[in-house]
Amino acid sequence: MVYPKVTGIYQKVFHNLKTHFYSYKKDLSTNPRQLLLRLSLYLLFLIFPASLAKAFIFSQSYVMGISLSYLIPKIYLTEILVLGILLLAPWQKIRNKFFPLLLLVFLLTLLPSLFFTSFHLISWVRFAEISLWLLFSFWLSQNLTKSLQNKIISFLGWGVVWVTILASLQLLFQHSLLGYWFLGEPYLTPSLGGVATGSFLGREILLPYGTFPHPNVMGGVLSVLAIWFGAKKHWGFFSFALLGTIISFSQMAWLSLALGLLGLFLSRRFFPIVSLNFNELWQSPSVQRRLDLLVSSWEMVKSAPFLGVGLGNFTKVLPVFGVPAGLLLFLQPVHNIFALVTAESGILALGAFLLLWFFAFRKAGEKKDYLLTISLSQLVLLGLFDHYLYTLPQGLFLLSLIWGFAFSKERLLDSGA
């Protein structure tokens, strides 16, 4: 009687492990640049929520005696990784010249707003930051493959896991836990002025930030990624992204999540689970401040329709055009990326910006990539009611990532994948 070998499966497992080990060893010994590129890329997607940065405060960073984060030049850890990726990556012949042409036109329309400004340094820093992320988006569109896309989704998922766990613990204990040196976790305590709070079961609570600069940013970013994970049936990652969106208490993030789930419902009969009280939302002080900022941005546009008030200078000149009414001084960019681009850089920059959006939607439609269309729609919704997609690294990361996917040649994020 012949008995089957019981060690065959183990031999196969160890053979595969040995093959992977020698593959990585070969990369390390003969191609360290390629290995460093991979590590930098994967680390970027793993720590994308990080806010760790070196700040440089100048006298011009103060408005009405208050230092404003938007007027403080910073060097972010995530942007150092992006720069490293772009320097390490081998650049191939450009396959699609239309996307870089759109990016170049947009950047050229920003140039005049660098010179006619009250704080030149922040304008140049913002221009460098925007250029960096747009260049990363272009690189991604040229180098995306199915294998890389799967790795990106996986590392993004683990990034969502750790930041949601941290945010949940912040909500539970009502204060920050690990400190700023843990990837930029902000200092949080209920007694701190200006910290985001909400109402839960009739009492005021400190809202969680994770390592994001604000709960709205955390909720908005995770609401988009939740749809990706749901469409890809990564239910563990989806659960964490869903939890992070909910505990952000950001009503716009909930609306973005509802829009995304509705899109999946229409394409795959995925049932939406989020509902909002729109009457309460409209009457909230947050909405009123947004409306006041829109009025101020319109006044800025009328004062300098073609040049704008200066890239990155919205908060610098805001007192001249009207600060939103309220008990607290609200010095922030207008919560609408299209109004912000127009106010800071003029109507030509808005035109170039809108062209980028139009062709991103068109490319997604040509590929019948429904998940990308949903994601772009979520970004438009978030961009209509907040500014972080254009002003903060986590928002620029998400925007450049989705634009890069949209202008890649393959249907890599089809909801049917």
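The values are calculated or read from the model by the stated rules, or taken from the named source; none is laboratory data. It should be emphasised that the depicted structure is a prediction, and the values quoted were computed from it without experimental measurement. A quick note on method: Cβ atoms are made from the backbone with ideal geometry, for glycine too, and the neighbour counts reach across all protein chains shown.
Taken over segment 175-191, the residue count meeting the criterion of being surrounded by 13 or more Cβ atoms within 10 Å (Cβ to Cβ) and not hydrophobic (A, V, I, L, M, F, W, C) is 6. Of the residues examined, Leu178 is not one that is within 23 Å of Ala53 (Cα to Cα), assigned to a loop (DSSP other than H, G, I, E, B), in contact with a helix residue (DSSP H, G or I) (Cβ under 8 Å, 6 or more places away or on another chain) and touching a residue at least 40 places away in the same chain (Cβ under 8 Å). Apart from one condition, Arg126 fits all of (1) of a type in the set (D, E, K, R); (2) more than 27 Å from Phe314 (Cβ to Cβ); (3) in contact (Cβ under 8 Å) with a residue 40 or more places away in the chain; the exception is (2). Of the residues making up segment 148-174, those that are more than 28 Å from Leu41 (Cα to Cα) and crowded, with 17+ Cβ neighbours inside 10 Å are Gln170, Leu171. For Tyr209, the conditions (1) surrounded by fewer than 24 Cβ atoms within 10 Å (Cβ to Cβ); (2) out of contact with any Phe, Trp or Tyr (no Cβ under 9 Å at 6 or more places or on another chain); (3) within 23 Å of Leu379 (Cα to Cα) are fulfilled apart from (1).
Taking the listed residues Leu412, Leu382, the one that is at pLDDT below 90, hydrophobic (A, V, I, L, M, F, W, C) and within 30 Å of Ser147 (Cβ to Cβ) is Leu412, with no other qualifying. In the set (1) farther than 29 Å from Phe338 by Cβ; (2) of a type in the set (Lys, Arg); (3) at pLDDT 95 or above; (4) part of a helix (DSSP H, G or I), the condition left unmet by Arg33 is number (3). Kindly provide the set of residues from segment 297-349 that are assigned to a loop (DSSP other than H, G, I, E, B), surrounded by 24 or more Cβ atoms within 10 Å (Cβ to Cβ) and β-branched (Val, Ile, Thr), ordered by number. Passing the criteria: Val309, Val334. If you go through segment 350-381 and keep only what is in a helix (DSSP H, G or I), farther than 19 Å from Leu401 by Cβ and either in contact (Cβ under 8 Å) with a residue 40 or more places away in the chain or touching a Pro at 6+ places or on another chain (Cβ under 6 Å) (or both), you end up with Gly351, Ala352, Leu355.
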